[in-house]
Amino acid sequence: GIGWQSSVQDGNISGTEGKSRQLEGMMISLQRQGNISGNIEYRSHLQSSGWESSWKKNGEASGAAGEGRRIEAIQIRLTGELAEKYDIYYAVHIQNKGWMNWAKNGAAAGSQGQSLRLEGIRIQLVEKGSNAPEPINSKNRTAFSAVHLVGYETYVQNLKWQDEVYDGTMGGTTG
């Protein structure tokens, strides 16, 4: 309902927040990279079709702009010398969940199997070894939300109830 927005940079929000508008397409590019070799690559997880089979790069359109299909998750990575010198962090705003935690260097950010739309995204490039950007929403500890087949909590002597874990992750303690 809005169309392509103007470019933003350095961790600013692209998309919307609190307007119930789905992201349908993205184009991501590096503005200045000097003599450093490498690219920025990204791909979207789309409503009804899943992950795009090919990675887009340097300003190519990812997603399904104008088709009315939502982007549900995204992966972003750097290649070449860029990947050796920088980490790329990205956080997404998801329908009904708000801002998720930062993902980095190709990890999935968003949701899968829950029919939830991405509504906004922030992207931040930082030098290797530098601190991650500050969390946007301390309530969401993860960057990606998948459908879990089974969840379970354990009660440990002297420690009480532990946080819920999913799908084969160890519950309880060892040693």
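The values are calculated or read from the model by the stated rules, or taken from the named source; none is laboratory data. Being a predicted model, the structure only gives us computed values, none of them experimental. Reconstructed Cβ throughout: ideal geometry from the backbone, glycine too, with neighbour counts over all protein chains shown. Heads up: the accessible areas ignore ligands, DNA and RNA and are worked out on the full protein's heavy atoms, side chains in. Shrake-Rupley method; radii C 1.70, N 1.55, O 1.52, S 1.80 Å.
The table below gives the values:
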read-out	value
All Cα pairs of segment 55-175, percent lying beyond 26 Å	35
Size of electric dipole in segment 48-143: Cβ of Lys, Arg +1 and of Asp, Glu -1, about Cα centre, debye, nearest 20	260
Gaussian network model of the chain, springs between alpha carbon atoms under 10 Å - residue of 106, 18, 151 with greatest fluctuation	151
Residue-averaged 222 nm ellipticity for the chain, from DSSP H runs of 4+ at -39500 (n - 2.57), nearest 500	-1000 deg cm²/dmol
Long-range lysine pairs (8 or more apart or interchain), the chain, Cα under 16 Å	5
Top of 30, 125, 159 by mean-square fluctuation, Gaussian network on the chain, Cα under 10 Å	159
Residue with peak Gaussian network fluctuation, the chain [Cα springs, cutoff 10 Å], from 76, 36, 13	36
Whole-percent carbon and sulfur share, accessible surface of segment 1-71, 1.4 Å	38
Percent antiparallel among DSSP beta bridges (both partners in segment 22-148, rounded to 5)	90
Solvent-accessible surface ranking, highest first, for 55, 161 at 1.4 angstrom	161, 55
Cα coordinate range in segment 1-87, projected on the principal axes (Å, largest first)	39, 27, 17
Magnitude of the charge dipole, the chain, Cβ model with Lys/Arg +1 and Asp/Glu -1, debye to 20	220
Solvent exposure of the chain as accessible area per residue, Å², 1.4 Å probe	59
